[in-house]
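What follows is a short report on a single structure.
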Amino acid sequence: MRNAGAGFLRTATLGAAVVLAAGAAFAQAPAASGDAKRGEYIVRSMGCADCHTPNKMGPNGPEPDETRWLSGHPADLNLPPAPAASGPWIGSMAASMTAWAGPWGVSYTANLTPDPETGLGKWTEQQFVDTLRSGRHLGRGRQILPPMPWPAIRNMTDDDLKGIFAYLHSIKPIPNKVPDPLPPSQ
């Protein structure tokens, strides 16, 4: 009887350790309640990769660099100062499609991958929804700059925004520290 009790105790202790380890793993990753398949459909249909995935030169001209899917403006792409706006032209963009300049200054597309240090990895689903509803970083910080179409995206349903978040948390995390936006030239 004593051996059976010890075996039960070892099994119970091992089971508790597994439950605690699983709980810790879930605590590290923000929960995503949305439909990731729907989110992927929306991300691909709305062309999010057009700006958030750097272009590379392919056999038929510029094409998305799939190895940097939704990782934003490449940290290693140093650009010269943006050209001055003249005449009716008020903006310009880099060939990578990840940097834009206009009266607001220079904006760089964000890293949307779940990388915890440089992407959306530490964001909660609510912070993501709040950001796209308010047009402010993390729902309360700096303004989201052009060309990000957040005024249109904020009209999406909560389920759609949660689906986008779920999809973005399902893709490969890519470490890529995007530069901070630059203010307008004085």
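Remarks
- Apart from one condition, residue 113 fits all of (1) without any contact (Cβ under 8 Å) to a residue 24 or more places away in the chain; (2) out of contact with any strand residue (DSSP E or B) (no Cβ under 7 Å at 6 or more places or on another chain); (3) hydroxyl-bearing (Ser, Thr, Tyr); the exception is (1).
- When each of 76, 50 is tested for being without any contact (Cβ under 8 Å) to a residue 12 or more places away in the chain and either more than 26 Å from residue 184 (Cβ to Cβ) or under 23 Å from the mean Cα position of the chain (by Cα) (or both), the lone residue that passes is 76.
- Qualifying residue in region 136-144 (condition: out of contact with any Ser or Thr (no Cβ under 9 Å at 6 or more places or on another chain), within 22 Å of residue 36 (Cα to Cα), free of Cβ contacts under 8 Å to residues at least 40 places away in the same chain and loosely packed, with under 14 Cβ neighbours inside 10 Å): no
- Across region 117-131, the qualifying residues are those that are among the hydroxyl-bearing types (Ser, Thr, Tyr) and touching a residue at least 40 places away in the same chain (Cβ under 8 Å), and the one among them that is surrounded by the fewest Cβ atoms within 10 Å (Cβ to Cβ) is 124.
- Residue match in region 103-116 (condition: at pLDDT below 95 and in a loop (DSSP other than H, G, I, E, B)): yes
The rows are residues; the columns are (1) assigned to a loop (DSSP other than H, G, I, E, B); (2) modelled with pLDDT of 95 or more; (3) not aromatic (Phe, Trp, Tyr).
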| site | (1), (2), (3) |
| --- | --- |
| 79 | yes, no, yes |
| 127 | no, yes, yes |
| 131 | no, yes, yes |
| 151 | no, no, yes |
| 161 | no, yes, yes |
| 175 | yes, yes, yes |
| 186 | yes, no, yes |
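- If the condition is being part of a strand (DSSP E or B) and in contact with an Asp or Glu (Cβ under 9 Å, 6 or more places away or on another chain), then region 133-149 contributes only 136.
The values are calculated or read from the model by the stated rules, or taken from the named source; none is laboratory data. The structure presented is a predicted model; accordingly, all values stated were derived computationally and were not measured. Heads up, the Cβs are rebuilt from the backbone with ideal geometry, glycines too, and the neighbour counts pull from every protein chain shown.
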